[in-house]
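The values are calculated or read from the model by the stated rules, or taken from the named source; none is laboratory data. For clarity, every value in this text was computed on a predicted model and none was experimentally measured. Accessible surface areas use protein heavy atoms only, side chains included; no ligands, DNA or RNA. Shrake-Rupley method; radii C 1.70, N 1.55, O 1.52, S 1.80 Å.
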Amino acid sequence: MSAARDHGLDLDEDYEWVRPPEGGWTADDLDELPNLPPHTELIDGSLVFVSPQTFFHARAMLLLAYALLEQVPEGLKVIHEMTVKLNKRNRPEPDVLVLRASADTDSQRTWCRPEDVVIAVEVVSADSEDRDREVKPRKYAQAGIPHYWRVEENQGLPVVYVYEIDPATESYGLTGIFHDKLRLTVPFPIEIDLTAVNRFG
């Protein structure tokens, strides 16, 4: 008998997502599959499970979310850990999002549209390096998300790599690398003390 069945689990009923259908899962399947682990993402039709987050990841996410919340202008909102339905086979979950306020029309919806996203932020973890550095930025740019921030750890402090989309190529260009303090004028004036990260948690 398998270990799963030893624990009373019926893989056919409890974990339908163990065996993907031909062609992979779709973005809508994330709302239908039972017992998915929290923060499951869909990348190219495959389910991606997230490792337990580190203190740095949690602190960096909170720092950026709270700082953005204090500075975002009217007409924009800040949310964290909400999936974005890029297309039928891709539904990633950025760590922090700046959205157009008009996107918040259904309190029961579990995803955002890419056209409503102004900034997508990913805090890089050991298991997400390739996705956050290569896969997700390419997909976010192709979906038309205008700004992407990638956050890396350097000696316990966040380093923020800021990208802006080139609409002609549908790809991101690096506009700045920020240590200690993040200062931007687009998409709105932003100033964040990155050294404050250890005040959280």
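Measuring nothing but protein heavy atoms, the accessible surface of the stretch 46-162 at 1.4 Å probe radius is 48 percent carbon and sulfur. Looking at the stretch 8-127, the accessible area is 53 square angstrom per residue; that uses a 1.4 Å probe and ignores ligands, DNA and RNA.
Helix 55-71 and the longest principal axis of the C-alpha atoms of the chain enclose an angle of approximately 50°.
Per-residue ellipticity at 222 nm for the chain, helices alone: DSSP H runs ≥ 4 residues times -39500 (n - 2.57), over residue total, nearest 500 deg cm²/dmol? Value at 222 nm, helices only: -4500 deg cm²/dmol.
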